[in-house]
Structure formats: structure tokens, C-alpha cells
Amino acid sequence: MPPRARALACLLSLASIAACHGSRSQARSALEAGDARRAIDLYDEALASDPNDEEARNERREARRRLTSELLTAAEQAELTGNHEVAWRSTYELCGRVDQWSEPLKGTEGLRFSSLEEGLRAEALGRVDVLAAKGRYLDLAKIPREPGLRCGLLTALRNAVGARVAQHTQGRCLQLEASTREIGPYARGLAERSCVAMGASPAAHIALPHQVSRVELAGSLQGVSPALLESLRTSVFSSISKGSLFDPAAPAALEITVAGYVRYAVTRTPTMRSQPWTEQVPYMDTETYQESYQEPYTDTEYYSERVPYTRYAYVNGRSSPVTDYRTETRSRPVTKYRTQFRTRTRPVTRYRAEPRLFTYPAVRVQADYEAAFTSEVHAPLLRTTSIAAARSETEDAYQHDASFGPAGVSPSSGEVRPLPSLFADDVAFVARRYASDWRTSMHDLACKSASFGTIELGARCVWLAGAEAPDPAFLALQPVFGADVPAMAELSAL
């Protein structure tokens, strides 16, 4: 490894160790303060920074042991005082953490949990029996599906609760099927839905009077081949097969009769196309600018000079001349220079944008589509619905091989939408429109009533409308479905 890379690796390792020690120190403080949850999170951070830190791993094991004991104690005390909500909440947290840690409970902790689990199992089974006694089978069926029961420690408890629920709900399913057998198909349909919601197995399945198992298409459209017309049938079938109108066991068919025409024509006309673009054209111009230069001028310069002079001094009693020097300031004229500016002109090349037209030969491809047809759709129990599709559309494209980048022109194949693609839009419109109309019509037929005098009338409305069914429809179900009626709004509908 190169020296620089080795030094960088060492720095990163030191930083990781420092982070590990920091998290471990904070974890110890949290554990001493009694916050085992935070301590565990901090030990996880320390081990993420340094997976080889055995000291942090051992201390985390102790933090997990303390949190396990804390949760077990909380659950046990709550169970003894009858505070089942707290007991279940502590148990769920413990189960989730044990699953996350992948460390099974052993020794004393395992024995304590086994004892706790026995009490929780008795409480859960008692709750199931109470709901069954009250006739709330749809509610008790939700108990085994509670998220907290999915953890590994509660597998046996979940299985026991599931078996007790199945015992009650399977009997209830048989009872509902027997009591609705002579009432009518929609009451039987609600009984079947209830059985499925309870996790029970219905004895038999029946198709309801409004349901269909297939779509039959009759008639023809001028300008549309039989193969293309088949797409209308398959599109409607695809639309209804996702809802409660469809049942593969239903004997009836949804009947569609079409009449009308579809016209599609493609014309090709040679033409000339023009695309504007802008060209930058050079031209010569002049511009003025300021030029600097050095201008001379005369100035006075002062300077100092040593000048000799004679003075007399007594030497050996006699006056003798002596030459000495003094500094004198003198001046002289000098030539200096200063910066000045003058206006000059020079030739320059400039550019101006001039509009241009790029003209090229092309073939105009024009697709003209016109559709005018009706689809009469007949479904059981409902009047025939007539859906009109009327549309005209023109699409243009140009085919050419020209290429000119400045004008953004590149070769084009001149493709237009083919007939199947355009016809598919009308087919999708018919399918959507019928699905919407069927829901509205069926809801009106089943639920727009001042009163629901029989169980079957109420069952038909609730089966189709679900939670949107009016209260009188639910009240009509009371003699058969009893305490389950409030929960039946959650059963799937249209």
C-alpha cells in the first residue's frame, strides 16, 4: 500500500476507534442512569464503528439483559394488577426486541416468560370467548392478525388463539350459511363474505343475480375489422373482471351490441417546408477608445550641494585661511512626464442577427380519424345502457430526409397514430363509462329505497355499497347477523 493510502487508512481507523469509544462512554452513562434502551442504541453505534470491540459487545449484552428484565417485570406486574393493556404492550416490545437480537430467552428469563405467556394466553382466549358469546365474530377474527402476535416468542400463543377463533368462526360460518339459505342470494353472499373475513371456509359459493362471467359482443362497425372490434370486448371484460360484477361461476353474460362507423384515412402530399433560423452576419465598424500617453512638462527640482568656502583660524598664534564646506540648496529646471488620455478610433468586426428561412422538400402525412358509434350494454337486473362515442381527430406529420442544425431540422419518418391506437381511445372510453354507469345504476337499484323491509333487500344494498350503504340497510340485517352488523361496513364492496 502506498504511504499516503496507508496514512489515510490509519487516520480512518483512529477516527472509527474514537467514535466507538465516544459511543461506548455515552452508553455506559445511559445504562448507569437506568436508560437501557438508549444504552443499547449507543452500543449498536459503537459496534457499527468497530465490529471487533468485544468490550462494547459484552456491555451491550448486559444492557439487553437489563431491558429484558425490565420489560418482563413490567408485564408481570401489569398482569397481576389486571392491567392487560400494559402487559401486552411490554410483551410485544420484548418479543420484537428478541426477534431483532436473534438471541432466545434462556434460564431464569425463559422461565419467567413461560409463566407470563400462560397468563397472557388465558387472557387472550378469554377475550376470544367473550367476543364469541356477544356474537362479535368479525371482531374476534382480527385478534390472531394483530401485529404484535407475529413475533417468534408468541408463536404458540398465536396458534392457540387462532385455533380457538377458528373453532368459533367455523361454527358461526355454518350457522350463517344455514340461516341465509332460504332468504336470498345476497344474504347468502353476505354470509360468504363474512365467512371469508372471519378466516372460515364457506361450504359453497354462488354467483349473484347481477354477476356475469363473460362478455358477448354482437353487431359490427363499418371500417373496423372483426379482430380490431374484439379489442372492445376484451377491454370491457378487463374492466369488469376487477369488480364485483364479475364472477367466473355466473351463468349470465354481459351483452354488448355495437352499431355505427369508424373512418380512418391517411393521405400523403408533397410540399415544401420552411423553418426560420437566425444567422450571425459579420460587418465592419469603428469604435472610439481612450488611449493613454506620457505628456512631458518642465518643473523645478530642488537639490542640496556641498559648497567650499574659506574661513580664518588661528594656528600657532597666527591667522591662517582654512577651506571648509557648507550645504546649500539649489534649484534647476527638469523635464517630467504625466499620464494623459486622448480619443482614438479603430476598426472592429461586429455581428448582427439576420432572419433566414431554411426551405426543404417534405411529404405531409395526414391521418383523419372519425368515429361515431353506439354500444348498447345489457347486464342482468339493469336496463340496457347506451354509450355513444363520437369523435373526430386529425393528426399531421412530415416525412423528409433534410438535416440542418441551425434551424433544428432533422430527418423525420412522418409517423402518425395507426387506426388501432386511435380506436383504443374510444374503446377505453366505453369501458370506463360503463364501469362508472354500472356502479351508479347498481347502487341506485339496491340502495335508493325509503325502507328495507326484508333482510334480502338490506343484504343486496350492503353487499354492493359496503360502508356507503344507509343505516336502514344495516338494521335490516340484524335478525341474522346480530352483533356483527357494525363491523360489516368493512367488508369489501364495489
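Before moving on, here are some points about what is shown:
- Hey, Pro333 in contact (Cβ under 8 Å) with a residue 60 or more places away in the chain and either over 30 Å from Phe237 (Cα atoms) or outside any strand (DSSP E or B) (or both) or not: no
- The helices (runs of 4 or more DSSP H) found entirely in the range 62-143 that carry 2 or more residues being of a type outside the set (Gly, Ala, Ser) and more than 34 Å from the chain's Cα centre (by Cα) are 84-101, 107-133.
- Selected residue (criterion: nearest to Ser421 (Cα to Cα)) from residues of the range 213-229 that are among the hydrophobic types (A, V, I, L, M, F, W, C) and outside any strand (DSSP E or B): Leu228
For (1) acidic (Asp, Glu); (2) on the phi > 0 side of the Ramachandran plot; (3) crowded, with 19+ Cβ neighbours inside 10 Å; (4) modelled with pLDDT of 95 or more, each residue gets a yes or a no:
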| position | (1), (2), (3), (4) |
| --- | --- |
| Ala124 | no, no, yes, no |
| Arg127 | no, no, no, no |
| Lys142 | no, no, no, no |
| Leu190 | no, no, yes, no |
| Ser194 | no, no, yes, no |
| Gly199 | no, yes, no, no |
| Ile206 | no, no, no, no |
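- Considering residues of the range 413-440 that are among the hydroxyl-bearing types (Ser, Thr, Tyr) and surrounded by fewer than 16 Cβ atoms within 10 Å (Cβ to Cβ) only, the residue nearest to Gln222 (Cα to Cα): Ser421
- Some residue of the range 336-355 being outside any strand (DSSP E or B) and small (Gly, Ala, Ser): no
- Taking the listed residues Ala33, Ala9, Ala5, the one that is loosely packed, with under 15 Cβ neighbours inside 10 Å, hydrophobic (A, V, I, L, M, F, W, C) and at pLDDT 65 or above is Ala33, with no other qualifying.
- Qualifying residue in the range 407-415 (condition: in contact with a strand residue (DSSP E or B) (Cβ under 7 Å, 6 or more places away or on another chain), in a helix (DSSP H, G or I), of a type in the set (Gly, Ala, Ser) and closer than 30 Å to Pro355 by Cβ): yes
- Leading residue by the ranking (farthest from Arg433 (Cα to Cα)) among those in the range 234-273 that are more than 41 Å from the chain's Cα centre (by Cα) and hydroxyl-bearing (Ser, Thr, Tyr): Thr271
- Only one of the numbered conditions (1) within 30 Å of Val485 (Cβ to Cβ); (2) crowded, with 16+ Cβ neighbours inside 10 Å is not met by Glu146, and that is (2).
- The range 223-259: number of residues that are more than 19 Å from Ile387 (Cβ to Cβ), surrounded by 14 or more Cβ atoms within 10 Å (Cβ to Cβ) and without any contact (Cβ under 8 Å) to a residue 60 or more places away in the chain: 2
- The range 447-494, residues that are of a type in the set (A, V, I, L, M), touching a residue at least 12 places away in the same chain (Cβ under 8 Å) and part of a loop (DSSP other than H, G, I, E, B): Ala469, Ala476, Leu477, Leu491, Ala493, Leu494
- Output for the range 105-114, where each listed residue is on the phi < 0 side of the Ramachandran plot and without any contact (Cβ under 8 Å) to a residue 12 or more places away in the chain: Lys106, Thr108, Gly110, Leu111, Ser114
- A single member of Thr323, Thr359, Thr329 is within 30 Å of Glu295 (Cα to Cα), polar (S, T, N, Q) and in the same structural domain as Ala407 (by TED's automatic domain parsing), and it is Thr329.
- Check on Ala407, touching a helix residue (DSSP H, G or I) at 6+ places or on another chain (Cβ under 8 Å) and among the aliphatic types (A, V, I, L, M): no
The values are calculated or read from the model by the stated rules, or taken from the named source; none is laboratory data. Computed from a predicted model, the values in this text were never measured in an experiment. Counting neighbours? That spans all protein chains shown, and the Cβs are built from the backbone with ideal geometry, glycine included.
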